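Heads up, the thing below is written out as structure tokens.
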Amino acid sequence: MKVIIKPIVTEKMTAQGESLNRYGFVVDKGANKLQIKKAVEELYNVSVVTVNTMVYSGKEKSRFTKSGVIVGRTNSFKKAMITLADGDKIDFYSNI
């Protein structure tokens, strides 16, 4: 099972990474906190202090077009906020 799907790289998460040493990841919905902690520690060679998770449900979206109203749903996903120990950092841009 692939636990970590992708990191969240936004202005808000970058600011939290610099000030609070906290990083965000989109993770598999079936993964628990222990699996997420183990996956981050193995992938980035850092020590994780805390893991907070939240599940976002998909939203109904609609838009008006020439052919009528199109209705759909956005995907639901699980997000994990990882707090690292002091001195550890994750650099997402190192292998670009």
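The values are calculated or read from the model by the stated rules, or taken from the named source; none is laboratory data. Since the model is a prediction, treat every value here as computed from it, not as a measurement. With ideal geometry, Cβ positions are generated from the backbone for all residues, glycine too; neighbour counts draw on all protein chains shown.
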Which strands (runs of 3 or more DSSP E) sit wholly inside the stretch 4-71 and have at least 2 residues that are among the basic types (Lys, Arg)? 60-65
I'd like to know if the stretch 17-37 contains one or more residues that are surrounded by 15 or more Cβ atoms within 10 Å (Cβ to Cβ), in contact with a helix residue (DSSP H, G or I) (Cβ under 6 Å, 6 or more places away or on another chain) and in contact (Cβ under 8 Å) with a residue 60 or more places away in the chain. yes
Here's a check for you: in the stretch 58-86, which residue that is small (Gly, Ala, Ser) and under 15 Å from GLN16 (Cα atoms) is surrounded by the most Cβ atoms within 10 Å (Cβ to Cβ)? ALA80
Could you check, for the stretch 59-67, whether at least one of its residues is among the hydrophobic types (A, V, I, L, M, F, W, C), out of contact with any strand residue (DSSP E or B) (no Cβ under 7 Å at 6 or more places or on another chain) and closer than 14 Å to LYS89 by Cα? no
Give all pairs with beta carbons closer than 8 Å in which a residue from the stretch 39-53 that is under 15 Å from ASN21 (Cβ atoms) meets a residue that is surrounded by fewer than 13 Cβ atoms within 10 Å (Cβ to Cβ) and hydrophobic (A, V, I, L, M, F, W, C); count only pairs at least 6 apart in sequence or on separate chains. VAL46/ALA85; SER47/ALA85; VAL48/ALA85; VAL49/ALA85
Could you please find all residues in the stretch 69-96 being modelled with pLDDT of 95 or more and either at positive phi or touching a helix residue (DSSP H, G or I) at 6+ places or on another chain (Cβ under 7 Å) (or both)? ALA80, ILE82
Can you name the number of the only condition in (1) loosely packed, with under 12 Cβ neighbours inside 10 Å; (2) out of contact with any strand residue (DSSP E or B) (no Cβ under 6 Å at 6 or more places or on another chain) that TYR44 fails? (1)
VAL55 is checked against (1) exposed (fewer than 11 other Cβ atoms within 10 Å of the Cβ); (2) over 19 Å from ILE4 (Cα atoms) and fails just one. What number does that condition carry? (2)
So which pairs qualify, if the first residue must be in the stretch 55-74 and over 30 Å from ALA31 (Cβ atoms), the second must be loosely packed, with under 10 Cβ neighbours inside 10 Å and among the small types (Gly, Ala, Ser), the Cβ gap must be under 6 Å, and the two must be at least 6 apart or on different chains? VAL69/SER62; VAL71/SER62
